Each structure stands twice: as C-alpha cells, then as structure tokens.
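Worksheet for the structure shown next.
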DNA sequence: TTTCCGATAGGACATATGTCCTTTTGCTGC
DNA sequence: GCAGCAAAAGGACATATGTCCTATCGGAAA
C-alpha cells in the first residue's frame with residue numbers, strides 16, 4: 001500500500017465521488033490517499049481500524065471467515081463504498097476481510113479526525129446512515145439468494161464479477177481470468193475444492209468454460225449470465 | 001394493533017429504554033404507542049413505512065421472502081430495537097416481515113416528524129448509526145453461521161428462541177411451545193416440511209422433544225442448547 | 001354420523017455437497 | 001534429466017436436503 005498526500009489528486013477524487021458536501025473541508029484537507037495493488041489486503045478480520053476509508057477507484061473483494069476456519073465470499077464493491085463504517089462508531093473489530101481487486105484507491109480519514117470534526121455534522125452522519133442502510137438492504141437480498149441457489153449459479157456470478165470490465169476491443173472474445181488457485185476460489189465461494197471441481201467439470205463438459213493453465217477461460221458468457229440469474233456479486 | 005397516546009406510559013417507556021437523550025422532546029411528545037398481540041404483523045415486505053418504530057416491550061420475529069415465494073427466518077429481536085431504520089432514510093420498501101411474538105409494544109414516530117425535527121440532531125443520527133451498525137454486524141455473524149450448520153442445529157436455536165422466558169416456577173419442567181403449523185415452521189427455517197419432519201423424528205427418537213397435539217414439547221433443554229451451539233436467533 | 005380436508009407422518013428417490021483418497025501434471029531445485 | 005512437491009482432477013462413499021407420493025388422523029362442515 002502506498003500513501004499519498006497529493007492535495008490535487010485527493011480533491012479531484014473527492015469531487016468526482018460526490019463527497020464534497022459530506023465532509024468538512026478540514027477533514028478533506030486531512031485525508032490521505034491510499035493506493036493498493038492487486039490482492040493487497042485493505043483490512044483483515046479482527047483488526048481495529050484507525051479510521052474510515054472510502055473506495056474511490058477500482059474494486060474491492062469482501063469475504064469473511066467462518067468459525068471453522070473456512071472463508072466465504074461476500075461481495076465485490078465499487079466506488080464510492082465505505083470501508084470501516086460498520087466498525088467506526090461502536091468500535092467493533094473488523095468483521096470481514098477486504099482485498100483489492102486490481103489497482104484501487106481509497107481515501108483515508110482518521111478516527112480521531114472524524115470524532116473531532118464530524119460527529120455533529122448532519123451531512124456526514126446522514127451519509128453514514130445512507131450507506132449503512134444500503135449495505136443492510138443489499139445484504140439482505142444477497143443472503144437470501146445465497147441460500148436459494150446451488151454452487152453452479154453462485155460460481156457463474158463469481159466468474160462474471162471477476163471478468164474485466166467490458167472493453168469494446170475484447171467483446172465477443174473469450175475472456176480470461178486468473179484465479180490464484182482453485183482451492184482458494186472454493187474457499188471464497190464457501191464450498192469444498194472437490195465440489196467446485198465437480199461443477200467446473202460439468203460446465204467444461206457443456207462448453208461454458210475451459211480449464212486453462214493457471215486459470216479458466218470463459219467461452220460462453222451469455223450462458224454464464226443465464227446461470228447467474230439475477231444474482232450478482234455487487 | 002391498538003394505538004395509544006397515553007403520555008405517561010410513553011414517557012416511562014422512553015425513559016426505561018434509554019431513548020430520552022436520543023429524541024427531541026417534541027418528537028417524544030408526538031410519539032404514539034402501538035400495542036400488538038401475538039402474531040400480529042408489524043410490517044410486511046414491500047410496504048412503504050410511514051415512520052420509524054422502536055420496540056420497547058416484548059419480542060419480534062423477523063423473516064424474509066425469497067424470490068421463489070418461500071420464507072426464511074432471520075432473527076428475533078428484543079428491546080430496544082428499531083423497526084424501519086433501514087428503510088427510513090432512503091425510502092426503501094420494507095425488506096423483511098416483522099411479526100409480534102406475544103404482546104409487544106412499539107413507539108411510533110412519523111416520518112415527517114423525524115424529517116422535520118431530527119435530521120439535524122446528532123444524538124438521533126448517531127443513534128441510528130449505532131443501530132444500523134449493530135444490525136450489520138450481527139447480520140454478518142448470523143449469515144455465516146446460517147450457512148455453517150445443518151437444519152438440526154438451526155432448529156434447536158429456533159426452539160430455544162421460542163421458549164417462553166424462564167420463570168423459576170417452571171424450571172426443570174418440560175416446556176411447551178405452540179407452532180402455528182409445522183409447515184409454517186419449515187418455511188421460517190428455510191427448509192422443506194419433509195426435511196424438518198425428518199429432523200424432528202430424529203430428535204424425538206433421541207428423546208429431546210416430543211410431538212404433541214398442535215405443537216411440540218421440549219424434553220431435554222440442555223441437549224437442545226448443545227445442538228444450538230453458540231448460534232442464537234437474537 | 002359421515003364426509004372431506006388440512007395437517008401429519010413417513011417412504012422412495014434424486015440432487016447438492018462434504019470427506020477421504022489416489023492419480024496425474026507441471027514446475028522447480030538439484 | 002530426475003526427484004519431489006503443490007496443484008489439479010477425479011473416484012468412492014456419506015450426509016443434508018429437496019421433490020413427489022401415499023397413508024393417517026382429527027376436527028369441521030353437511
């Protein structure tokens with residue numbers, strides 16, 4: 001993770017993400033820009049955060065650990081998303097691991113700074129409420145859907161979420177996506193490696209994906225969307 | 001549902017639940033006391049709420065509907081719990097059904113009243129944030145646990161949550177609990193009637209519960225607690 | 001009382017997923 | 001090139017759970 005105090009860049013990111021009316025100017029002035037590279041951990045379960053962060057560029061992957069030591073994918077998020085909002089006020093330990101997908105930028109504000117300058121700022125407090133509400137709302141949806149569909153569908157959603165953003169030049173072409181290891185992917189999806197393997201085998205059989213050196217290749221994206229139903233890891 | 005404007009009662013409930021510092025006096029003055037009887041619906045999925053409610057006495061059952069029409073138990077809550085906090089600010093449609101368990105009391109404040117008097121009140125806004133954070137936090141826990149344990153364990157949790165509060169006179173005695181129908185209970189637990197039946201059969205076999213006219217009888221509460229693990233429908 | 005229906009109970013079988021193992025494959029260090 | 005390892009692929013079997021059916025049972029309606 002790289003830190004920056006580049007006022008100009010920060011100001012621009014604040015504006016582009018509509019954060020100008022939310023934070024007190026002094027708070028914006030105290031913000032730090034944090035740049036993470038692919039797969040870097042932004043925060044891990046059990047951490048006590050020193051502040052709040054706002055994702056302003058790139059994408060994050062959120063997953064959680066179960067008591068039995070396994071992990072399970074929760075969701076992907078896009079700007080502007082708050083990280084540490086749940087833990088901020090009540091000082092909870094971090095509940096989910098947050099990991100960068102590709103290069104990402106987050107704005108960081110220290111806890112003290114917020115406590116000092118924003119606790120009486122309705123705009124900020126309302127912003128927090130809106131964000132928490134939204135998380136709870138989507139959370140509810142996704143929980144239900146998670147229980148509703150078998151792995152095949154969740155896996156399809158996962159692949160779609162990982163696909164690089166559509167760029168015109170590549171449309172139609174089979175897209176690739178790396179996976180650290182299939183074992184890790186299985187963990188993220190909350191299943192066993194064995195089972196994931198079975199599902200991949202089936203999809204390979206059907207020509208939807210293709211096993212490939214160190215990853216998978218998506219052959220039939222539309223079929224994948226069909227399988228993913230409406231369910232999206234957002 | 002019965003409405004009351006009994007100032008004295010309302011004032012007492014506000015104080016007993018620590019809400020005095022949270023709401024503006026004028027808001028408290030405008031509160032309405034709503035009394036629900038067992039199994040009455042407080043709000044249903046899709047509703048647009050006209051205000052915020054605070055559970056101040058009794059217990060609520062929260063469940064959700066899945067796209068396929070089935071329902072699934074989410075949790076039970078105890079005072080002081082906010083109802084409608086998620087939907088309040090962003091005007092979301094209600095995401096979960098809320099139902100009274102036994103006689104319950106909620107304080108109601110209209111949306112307009114809040115918008116007019118509390119949007120700039122840091123104490124209130126912070127209160128909302130604390131509540132939303134807490135919901136998100138416990139929500140996360142329960143989601144994970146939900147996926148971790150098989151029905152037998154979730155069922156045990158459910159029975160424990162339904163048991164009437166411990167009263168000294170009845171300790172040691174087998175406790176009864178009505179269930180509307182087993183079919184409904186299955187829905188709440190997010191499983192099929194058939195499967196629930198199987199699990200009950202097993203537990204009956206083991207002498208943990210006993211089938212009974214219109215309900216079940218808990219014979220071995222300690223074993224039930226064992227099965228429920230740490231997982232609790234709170 | 002007789003009939004009928006919703007609620008129960010449970011059989012038979014299929015699918016989703018987990019656990020334990022074995023084999024194959026492709027790199028990597030020697 | 002060869003031994004050795006971690007990841008990948010997949011066989012065998014067990015458990016959790018779903019779907020479809022059938023049979024009972026007890027109370028409500030006729």
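Taken together, the values in this text are just the output of simple stated rules run on the coordinates, not laboratory data. The structure displayed is predicted, hence computed values, not measured ones. Neighbour counts run over all protein chains shown; Cβ positions are idealised from the backbone, glycine included.
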Roughly speaking, what is the centre-to-centre gap between region B:179-222 and region A:69-137 when only Cα atoms are used, to the nearest Å? 41 Å
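Stretch residue B:193-residue B:229 to full length: gain in nm at 0.36 nm per residue minus the Cα-Cα span?
Taking 0.36 nm per residue and subtracting the Cα distance, the gain is 10.6 nm.
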Calculate the FRET efficiency for residue B:220 and residue B:181 from the Cβ-Cβ distance with a Förster distance of 22 Å, rounded to the nearest 0.05. 0.40
Note to self, the protein assembly as shown gives a 222 nm [θ] from helices alone (DSSP H runs n ≥ 4, -39500 (n - 2.57) apiece, / all residues, nearest 500) of -12000 deg cm²/dmol
Sorted shortest first, the nm distances from the residue B:141 label point (7 Å along Cα→Cβ) to its counterparts in the other copies are 2.7
Each residue of A:148-158 has, on average, a number of other protein chain C-beta atoms within 10 Å of its C-beta equal to 1
Top mean-square fluctuation among B:95, B:207, B:190, Gaussian network model of chain B, C-alpha springs under 10 Å? B:207
In a solvent-free Debye calculation with one equal scatterer on each Cα, what is log10 I(q)/I(0) for region A:24-153 at q = 0.19 Å⁻¹, listed in the order of the q values? -1.18
Could you calculate, for region B:177-225, the ratio of the Cα radius of gyration to the Kirkwood radius, expressed as Rg to Rh? 0.95
Per residue, how big is the convex hull around the C-alpha atoms of chain A? Give it to me in cubic angstrom, could you? 134 Å³
Inter-copy label distances at residue A:39 (7 Å, Cα→Cβ; nm, one decimal): 5.5
Please give, to one decimal in nm, the separation of the simple spin-label points placed at residue B:206 and residue A:5, each 7 Å out from Cα toward the Cβ. 6.2 nm
Given bins 10 angstrom wide, list per bin the percent of all Cα-Cα distances in the protein assembly as shown, short to long. 4, 18, 26, 25, 18, 8, 2, 0
Of A:85, A:47, A:120, the one that fluctuates the most in a GNM where chain A has Cα springs shorter than 10 Å: A:120
For residue A:26, place a label point 7 Å from Cα along the Cα-to-Cβ direction in every copy; what are the distances to the other copies, in nm, shortest first? 2.9
Mind checking A:85-96 for the average number of partner chain beta-carbons within 10 Å of each residue's beta-carbon? 4
Give me a single rounded figure for B:124-134: the average over its residues of other chain Cβ atoms within 10 Å of their Cβ. 6
